[in-house]
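Below: the structure, in structure tokens.
Since every read-out is calculated from the coordinates, none of them should be taken as a lab result. Worth saying up front: this structure is predicted, and the values here are computed from it rather than measured. FYI the Cβ positions are ideal-geometry reconstructions off the backbone, even for glycines, and counts take in every protein chain you see.
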Amino acid sequence: MERPRCPVCRARLASDPTCGRCGADLRPVMTLLVEGHRLRSAARRALREGAAARARDLAREAQAVAASPLGARLLAVCALALAAEAPATP
């Protein structure tokens, strides 16, 4: 997975709250990344608990906050789980 980049100069982010290249304040970006991670973790937990619709909602919210390739995969897994829950049509 590619590391996030500074929204100002596109340098790869480290754990420092200030971009090492351009000096931009990265705290808002880091806050969004942490929130996206928290929401994806909650979505995975909901899947383990059998709550596919809740997992899908959390995964969608995570993608809206901080989109990632892993988040897109999680959404696909949620869609499969929801399809598996759907009653079969005669």
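Just a few scattered comments:
- Residues that are aliphatic (A, V, I, L, M), surrounded by fewer than 19 Cβ atoms within 10 Å (Cβ to Cβ) and part of a helix (DSSP H, G or I) within segment 48-60 comprise just one, ALA53.
- Consider segment 14-40 and keep the residues that are surrounded by 13 or more Cβ atoms within 10 Å (Cβ to Cβ) and of a type in the set (Gly, Ala, Ser). The one that is farthest from ALA86 (Cα to Cα) is GLY20.
- Residue in segment 61-77 that is surrounded by 12 or more Cβ atoms within 10 Å (Cβ to Cβ), more than 26 Å from ALA14 (Cα to Cα) and under 10 Å from the mean Cα position of the chain (by Cα) present: yes
- Among the residues of segment 46-66, the ones that are within 14 Å of GLY36 (Cα to Cα), free of Cβ contacts under 8 Å to residues at least 24 places away in the same chain and among the basic types (Lys, Arg) come to 1 in all.
- Unmet criterion (only one of (1) among the β-branched types (Val, Ile, Thr); (2) loosely packed, with under 14 Cβ neighbours inside 10 Å; (3) more than 18 Å from the chain's Cα centre (by Cα)) for VAL8: (2)
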